[in-house]
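A.B. asks: One structure follows; several queries about it will come next.
The values are calculated or read from the model by the stated rules, or taken from the named source; none is laboratory data. Not measured: the values here are computed from a predicted model. Every residue, glycine as well, gets a Cβ built from its backbone with ideal geometry; the counts of neighbours run over all protein chains shown. Note: accessible area is taken over every heavy atom of the protein model, side chains too, but ligands, DNA and RNA are not part of it. Shrake-Rupley method; radii C 1.70, N 1.55, O 1.52, S 1.80 Å.
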Protein chains: 2
Amino acid sequence: MTVRIACKYGSHRVLKPKGVLPQPALQIDNDFSTVYDNEILVDVIALNIDSASFTQLEEAAGGDIKKIEAKILEIVEQRGKMQNPITGSGGMFIGKVAKIGAALKDRDLKVGDKIASLVSLSLTPLKIKKIKKIHQDIDRVEIEGQAILFESGIYAKLPEDMTESLALAALDVAGAPAQAAKLVRPGDRVLIIGAGGKSGLLCCYEAMKRVGPTGRVVGNVHHAKDIPILMGLNLCHEAVTGDATKPVEFLDIVKNANGGKEFDLVINCVNVSNCEMGSILPCRDGGLVYFFSMATNFTKAALGAEGVGKDVTMIVGNGYTKDHAEITLWELRENEKLRKLFEERYM
Amino acid sequence: MTVRIACKYGSHRVLKPKGVLPQPALQIDNDFSTVYDNEILVDVIALNIDSASFTQLEEAAGGDIKKIEAKILEIVEQRGKMQNPITGSGGMFIGKVAKIGAALKDRDLKVGDKIASLVSLSLTPLKIKKIKKIHQDIDRVEIEGQAILFESGIYAKLPEDMTESLALAALDVAGAPAQAAKLVRPGDRVLIIGAGGKSGLLCCYEAMKRVGPTGRVVGNVHHAKDIPILMGLNLCHEAVTGDATKPVEFLDIVKNANGGKEFDLVINCVNVSNCEMGSILPCRDGGLVYFFSMATNFTKAALGAEGVGKDVTMIVGNGYTKDHAEITLWELRENEKLRKLFEERYM
């Protein structure tokens, strides 16, 4: 048998235009009669369609479930992947491993394992045999079909000690808490903006675990009602409300919550525009600003820091980091109260 | 005498709207009868108007120099700063220090020193007494007037051993080479995208100085004619042409120039859109991608790295870092050939 190793990023399946990666491609190859030795074939159980995409499909179909079904089949037929042509977005899938390429046999994965894909459907080769049911309330589509994960494609085995929906709620933001776990050092003064949201809560927990007796974690929340929740779960030393889009006023509020000092690390988890300066000003010179918010504007951050002469390192939040799924699921196992809050809020 | 310390970021001079920083403000206070103890007053010699702004002014005035002059005076009268209301951009100034606030007296600066501001005119309080001459070819406006630098406002003393225009050409991109100098470690394999441009050349020089005998610097250029220039000046170990907007093909080219290996550090200096994946793919897991290009899209970088499962740290290029002006000017002193190239190209 010849070992056939394909591009680890999947460019071998791009049909048009040539030379691009699968995500920007207009059409990719979903013929699974050939599975390369560094690909994984999965029997798909369900698609979790990206919220922006599903809303667009629903509106275009006037809510008619038959029309939504037809449109999904049409998109996958044309593109070889479930990428909404209007929104450009995808989603993720859940499925059971059907075949593992020979070159990937050393992975901690076996045929039959139930996994969630952690790369977007917008770049994942997919073939739908039939749509079994559409759950409009949770943007989920049960299907019979198959998908391919490339060598670079990340996934998580679904744990047996928690419900699927709890695991998915946490995995959805796995990048942020895992990055926080890797960044926070003993003694650090950490500010978490958007501490009351899903990724903010998880980041707070990691920060508290790691700052040690001399560090300090300040959580900034939008709603005052989240303050007792954060404090009650011991997710920060102090929680404050404050609007990061008003940087000067915001700086005073968060410094007051930190004994008048600036922060070593600022983690922005709030998906709101114009929070760049609110994240930069509270950071000390030589400190680190970590933007997990997708509403971050590159130019505003770069020119803004220069404009105030702040020598801070600004990091683009990468949705992936090694072991991100394991780190994030572990948080819910370690902290019963946090798990309960997630079950109440996000299931 | 009472010491009057104002906001180090200049928010005390914001007239409207209240609560914002000087850059987004519509009007700031340019009454210099009061100079705070942490401000520096400068007698301005010339404004270097940002190129986008000057082009807009010229076009709106149909090239009429009297109309350009009137418009500049009107903008500064209304806003208290030279921020073009259409482009939002500013520029920088050159001037002589007139007064140093008591709280800043320990700085290495004295009255009469000739400096260039390294923060944007779009946030700098400015008063123009009269416009003496407009040099349309170099976007420069000689004036009689004054400006304020806030405590956080960065500047550079103009050196006596090089011409003003050479110093300004280098200072214009001072952030990039200074960041490169701080990031590159012995043994690093470094890729510089846009190595033939102004910031790319300076980054190459710093990288070559620092990688040591076991490191490697690969310069990517747009024009093949730049290859012998880079090699002749010993600015990299190998120079290659290649289009970073075609990431898969680009990956092959730059890896070939690096013995088939990925890079520890990728520095993107090319102001072209859609180079995010071209910068991310050649970087090894655990490596660092430094985006100095203002054409970088935050979301494309964040989601792109996740999509290919790359655990790389991506840094937003900060135009300021400690000692950036000194580091950059020093390069031209150290390297006679590089200085000559800059004099030929950028003066």
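A.B. asks: Looking at this structure, is A:Ala61 modelled with pLDDT of 95 or more and touching a helix residue (DSSP H, G or I) at 6+ places or on another chain (Cβ under 6 Å)? Steps first, please.
C.D. replies: Values: modelled with pLDDT of 95 or more: yes; touching a helix residue (DSSP H, G or I) at 6+ places or on another chain (Cβ under 6 Å): yes.
Against the criterion (modelled with pLDDT of 95 or more and touching a helix residue (DSSP H, G or I) at 6+ places or on another chain (Cβ under 6 Å)), A:Ala61 qualifies.
A.B. asks: Please determine, by comparing only the residues of the range A:96-147 that are of a type outside the set (D, E, K, R) and open to solvent by 70 Å² or more (accessible area, probe 1.4 Å), which one is nearest to A:Ile72 (Cα to Cα).
C.D. replies: The qualifying residue nearest to A:Ile72 (Cα to Cα) is A:Ile138.
A.B. asks: I want to confirm something. Restricting to the range B:1-38 and keeping residues that are within 14 Å of chain A (Cβ to nearest Cβ), touching a Gly at 6+ places or on another chain (Cβ under 6 Å) and part of a loop (DSSP other than H, G, I, E, B), which single residue is surrounded by the fewest Cβ atoms within 10 Å (Cβ to Cβ)?
C.D. replies: B:Asn38
A.B. asks: Right, another one. Hey, could you check the range A:259-290 for residues that are open to solvent by 10 Å² or more (accessible area, probe 1.4 Å) and touching a Pro at 6+ places or on another chain (Cβ under 8 Å) and say which is nearest to A:Gly187 (Cα to Cα)?
C.D. replies: Within the range A:259-290, the match that is nearest to A:Gly187 (Cα to Cα) is A:Glu262.
A.B. asks: Moving to a separate point now. Within the range B:205-222, can you find the residues that are of a type in the set (Gly, Ala, Ser) and within 23 Å of the chain's Cα centre (by Cα)? Even if it seems obvious, please write down each step before you answer.
C.D. replies: Step one: filter the range B:205-222 for residues of a type in the set (Gly, Ala, Ser), giving B:207, B:212, B:215, B:219.
Hits for the range B:205-222 are B:Ala207, B:Gly219.
A.B. asks: Also, I was wondering about something else. When residues of the range A:223-241 are filtered for being part of a loop (DSSP other than H, G, I, E, B) and either aliphatic (A, V, I, L, M) or over 25 Å from the mean Cα position of the chain (by Cα) (or both), how many remain?
C.D. replies: 5
A.B. asks: Right, another one. Please tell me if B:Leu168 is aliphatic (A, V, I, L, M) and within 14 Å of another protein chain (Cβ to nearest Cβ).
C.D. replies: no
A.B. asks: Go through the range B:148-157 and give me each residue that's open to solvent by less than 30 Å² (accessible area, probe 1.4 Å) and either farther than 16 Å from B:Ile327 by Cβ or in contact with a Gly (Cβ under 6 Å, 6 or more places away or on another chain) (or both).
C.D. replies: Across the range B:148-157, the qualifying residues are B:Ile148, B:Leu149, B:Phe150, B:Ser152, B:Gly153, B:Ile154.
A.B. asks: Any idea which of A:Val221, A:Val248, A:Val217 is within 14 Å of chain B (Cβ to nearest Cβ) and hydrophobic (A, V, I, L, M, F, W, C)?
C.D. replies: The conditions single out A:Val248.
A.B. asks: Which of the residues spanning the range B:152-173 are within 26 Å of B:Val217 (Cβ to Cβ), under 15 Å from the mean Cα position of the chain (by Cα) and of a type in the set (A, V, I, L, M)?
C.D. replies: B:Leu166, B:Ala167, B:Ala169, B:Ala170, B:Leu171, B:Val173
A.B. asks: Could you check, for the range B:162-173, whether at least one of its residues is part of a strand (DSSP E or B) and either farther than 29 Å from B:Arg333 by Cβ or of a type outside the set (A, V, I, L, M, F, W, C) (or both)?
C.D. replies: So far as the range B:162-173 goes, no, none of its residues is part of a strand (DSSP E or B) and either farther than 29 Å from B:Arg333 by Cβ or of a type outside the set (A, V, I, L, M, F, W, C) (or both).
A.B. asks: For A:Ala176, state whether it is modelled with pLDDT under 95, in a helix (DSSP H, G or I) and either more than 13 Å from the chain's Cα centre (by Cα) or surrounded by 24 or more Cβ atoms within 10 Å (Cβ to Cβ) (or both).
C.D. replies: Working: modelled with pLDDT under 95: yes; in a helix (DSSP H, G or I): yes; either more than 13 Å from the chain's Cα centre (by Cα) or surrounded by 24 or more Cβ atoms within 10 Å (Cβ to Cβ) (or both): yes.
Answer is yes for this residue.
A.B. asks: Another question, then. Yes or no: A:Asn256 more than 14 Å from chain B (Cβ to nearest Cβ), crowded, with 19+ Cβ neighbours inside 10 Å and closer than 26 Å to B:Val14 by Cα?
C.D. replies: Considered against the rule, which asks whether it is more than 14 Å from chain B (Cβ to nearest Cβ), crowded, with 19+ Cβ neighbours inside 10 Å and closer than 26 Å to B:Val14 by Cα, A:Asn256 comes out as no.
A.B. asks: On to the next question. Could you tell me how many of the residues in the range A:264-277 are within 13 Å of A:Ala244 (Cβ to Cβ), more than 10 Å from every other protein chain (Cβ to nearest Cβ) and not in a loop (DSSP other than H, G, I, E, B)?
C.D. replies: Summing the residues that are within 13 Å of A:Ala244 (Cβ to Cβ), more than 10 Å from every other protein chain (Cβ to nearest Cβ) and not in a loop (DSSP other than H, G, I, E, B) in the range A:264-277 gives 3.
A.B. asks: A further question on this structure: Answer yes or no: is there a residue in the range A:194-201 that is open to solvent by 10 Å² or more (accessible area, probe 1.4 Å), farther than 22 Å from A:Thr328 by Cβ and touching a residue at least 60 places away in the same chain (Cβ under 8 Å).
C.D. replies: Checking the range A:194-201: not a single residue is open to solvent by 10 Å² or more (accessible area, probe 1.4 Å), farther than 22 Å from A:Thr328 by Cβ and touching a residue at least 60 places away in the same chain (Cβ under 8 Å).
A.B. asks: Which residue pairs have Cβ atoms closer than 6 Å, lie 6 or more positions apart in sequence or on different chains, and pair a first residue in the range A:279-304 that is within 14 Å of B:Thr321 (Cβ to Cβ) and more than 8 Å from chain B (Cβ to nearest Cβ) with a second residue that is assigned to a strand (DSSP E or B) and open to solvent by 10 Å² or more (accessible area, probe 1.4 Å)?
C.D. replies: Partner pairs satisfying both residue conditions: A:Gly287/A:Asp264; A:Leu288/A:Thr313.
A.B. asks: Please work out which residue is farthest from the other protein chains (Cβ to nearest Cβ), limiting yourself to the range B:305-326 and to residues that are part of a helix (DSSP H, G or I) and crowded, with 20+ Cβ neighbours inside 10 Å.
C.D. replies: B:Ala325
A.B. asks: Next question. Considering the range A:316-336 alone, what residues qualify as being of a type in the set (Val, Ile, Thr), in contact (Cβ under 8 Å) with a residue 60 or more places away in the chain and out of contact with any Lys or Arg (no Cβ under 8 Å at 6 or more places or on another chain)?
C.D. replies: A:Ile327, A:Thr328
A.B. asks: Of the conditions (1) within 13 Å of chain A (Cβ to nearest Cβ); (2) of a type in the set (Asp, Glu); (3) without any contact (Cβ under 8 Å) to a residue 60 or more places away in the chain, B:Asp137 satisfies every one except a single condition; which number is it?
C.D. replies: Against the list (1) within 13 Å of chain A (Cβ to nearest Cβ); (2) of a type in the set (Asp, Glu); (3) without any contact (Cβ under 8 Å) to a residue 60 or more places away in the chain, B:Asp137 comes up short only on (1).
A.B. asks: Collect the residues in the range B:224-245 that are away from chain A (no Cβ under 14 Å) and open to solvent by 30 Å² or more (accessible area, probe 1.4 Å), keeping them in residue-number order.
C.D. replies: Hits for the range B:224-245 are B:Ala224, B:Lys225, B:Ile227, B:Pro228, B:Ile229, B:Met231, B:Gly232, B:Leu233, B:Asn234, B:His237, B:Glu238, B:Thr241.
A.B. asks: To continue, here is another question. When you go through B:Asp64, B:Asp43, B:Asp50 one by one, which is the residue that is within 14 Å of chain A (Cβ to nearest Cβ) and over 25 Å from A:Pro247 (Cα atoms)?
C.D. replies: Matching residue, one of B:Asp64, B:Asp43, B:Asp50: B:Asp50.
A.B. asks: Just need a number here: residues in the range A:309-347 that are touching a Phe, Trp or Tyr at 6+ places or on another chain (Cβ under 6 Å) and at pLDDT below 95.
C.D. replies: The total comes to 2.
A.B. asks: Looking at A:Glu331, is it more than 22 Å from B:Gln179 (Cβ to Cβ), of a type in the set (Asp, Glu), open to solvent by 10 Å² or more (accessible area, probe 1.4 Å) and in contact with a Leu (Cβ under 9 Å, 6 or more places away or on another chain)?
C.D. replies: Judged against the criteria, A:Glu331 is not a match.
A.B. asks: Another question, then. So in the range A:39-62, with the set limited to residues that are assigned to a loop (DSSP other than H, G, I, E, B) and touching a residue at least 40 places away in the same chain (Cβ under 8 Å), which one is nearest to the chain's Cα centre (by Cα)?
C.D. replies: A:Asp50
A.B. asks: Could you count how many residues in the range A:123-138 are modelled with pLDDT under 95 and of a type outside the set (A, V, I, L, M, F, W, C)?
C.D. replies: Qualifying residue count for the region: 3.
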